Amino acid sequence: MASDYMRTDERLELINALEHSAEISDKIEENPIFWKWLIVAFHNALQGAFVCYLDGSITGLGTSGLSVLDDHKKDDHNNQLQTLRWLNGDMDGEMPNPKLAPIRKLYQRLSEVEYVGEWNVVVTSRTTDSALKRLVDFRNEFIHFTPKGLSVELNGFPQMVLTLCDLVEVLALVKPTYSRHMDEAKNSRLADALSKLRANMGALKY
């Protein structure tokens, strides 16, 4: 019998978004409009990889849950500390409303010792920076679409996704910080989805 509840967490968000991205990529050759949905889904997958990596890192802050929230400052936790206190059962009442940091800010934190610790710093590149900016800009355009006609040149789109697939692989499979929460089946799903997405992107001729 089907459940009356939908259940997810940050790890399932990553896996499901990546699998959905791979499924959508099957349809791109027959209809380029599916690029829109691939970019939206892959943005979610990428954000999920950032969140899992940051939340799994042990930092000098000693509070891993703060590393993915917006407006965090080392000496001024405010809502972040309130959220942590509520989650730990140290505060009564309704849960505070934590806000996830924007994806570009999450990306920057991957390279900051304060957020990931000395051993988990991710070295990024201008190529990755450019690919992320392009993906985020188009994702924002697509989900906040205004009345107009739009024609998008697709040259470089497959390489953009392939570049960011490499980053997802590093965060989720090569040096994951949250491996204690994963198992072989989940890791296999991640690897299979990445492989399928890469194959479909590699087959495109633009």
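Readers should treat all values here as calculations from the given coordinates under stated rules, not as data from a laboratory. Note that this is a predicted model, so its numbers are computed, not measured. Note that each Cβ is placed from the backbone with ideal geometry, even for glycine, and that neighbours are counted across all protein chains shown.
With the cut-off at under 19 Å, measuring from each backbone N in the stretch 163-180 to a point 7 Å along the Cα-to-Cβ line of V121 picks out 170-171, 175-177. Dimensions of the stretch 102-162 based on its C-alpha atoms, expressed as ranges along the principal axes with the largest first, amount to 48, 23, 13 Å.
Counted residue by residue at 0.36 nm each, then reduced by the alpha carbon distance between them, the extension gain from D4 to N187 reaches 63.2 nm.
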